[in-house]
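The values are calculated or read from the model by the stated rules, or taken from the named source; none is laboratory data. Source: prediction; values computed, not measured. Here the Cβ positions follow ideal geometry from the backbone for every residue, glycine too, while neighbour counts run over all protein chains shown. Just the protein is used for accessible areas: all its heavy atoms, side chains included, with ligands, DNA and RNA removed. Shrake-Rupley method; radii C 1.70, N 1.55, O 1.52, S 1.80 Å.
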Amino acid sequence: LELKLRPLIKDAIFRLENIYYDYDKWDILPESEVELNNLFDVLMQHPDMKIELSSHTDARGKDAYNLSLSDKRAKSAVAYLIQLGIEPSRITAKGYGETKLTNHCKNGITCTDDEHRKNRRTEVKIVAVK
């Protein structure tokens with residue numbers, strides 16, 4: 001996790017690379033565990049840091065369903081970190097559905113599976129840090 005790219009300041013947002021979800025799923029994939037373990041290490045090094053984990057979907061499916069799905073994804077990542085030992089009060093889960101797409105793949109636009117996958121992501125926002 002290359003948090004050194006930006007200072008650890010309130011409201012900084014970092015995309016967790018390699019945190020992907022299969023279509024219509026919210027399970028933590030084995031390839032995602034490495035990145036979440038790195039985030040765990042950062043949180044352990046900064047015990048006063050509080051974060052928001054936000055998850056996003058692609059534009060396929062109904063908007064309301066995608067909002068629910070992204071919430072499940074965010075909660076899944078939070079549960080993983082809590083299981084590792086992070087205090088629940090330090091992490092908030094937030095699902096944004098398809099409201100913050102990273103590319104042109106919105107409703108009604110034909111895109112490849114890889115293009116859609118790039119929108120299925122998890123980001124970290126620093127809510128508080130000393």
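With respect to the chain, whose longest principal axis is taken over its alpha-carbon atoms, helix 30-45 is tilted by about 30°. Taking a straight line from the alpha carbon of Lys50, these aspartates and glutamates sit under 17 Å away, with near neighbours fewer than eight places off in the same chain left out: Asp11, Asp41, Glu87, Glu123.
Using the alpha carbon gyration tensor of the chain, what are the three equivalent-ellipsoid semi-axes (square root of 5 times each eigenvalue), largest first, in whole Å?
Details: eigenvalues 132, 42, 34 Å².
Equivalent-ellipsoid dimensions as semi-axes: 26, 14, 13 Å.
Once neighbouring chains are kept in place and the probe is 1.4 Å, which whole percent of the accessible area of the range 77-119 is contributed by carbon and sulfur?
50
Please compute the per residue accessible area over the chain with all protein chains in place, 1.4 Å probe, rounded to a whole number of Å². Display every interim value, and only then the final one.
Numbers: 7240 Å² over 130 residues.
Here the per-residue accessible area is 56 Å².
The candidates Tyr65, Tyr21, Tyr80, arranged from most to least accessible area with a 1.4 Å probe in the full protein assembly, appear as Tyr65, Tyr80, Tyr21.
Counting only protein chain heavy atoms and rolling a 1.4 Å probe, the accessible areas of His116, His104, His46 rank, largest first, as His104, His46, His116. Taking label positions 7 Å along the Cα-Cβ direction at both His46 and Ile109, the computed distance is 3.2 nm, reported to one decimal. Compared with the rule-of-thumb size 2.2 N^0.38 Å for a compact globular protein, the range 10-79 has a Cα radius of gyration ratio of 1.17.
Residue separation times 0.36 nm, minus the C-alpha to C-alpha distance between Lys118 and Lys10: what's the value?
36.3 nm
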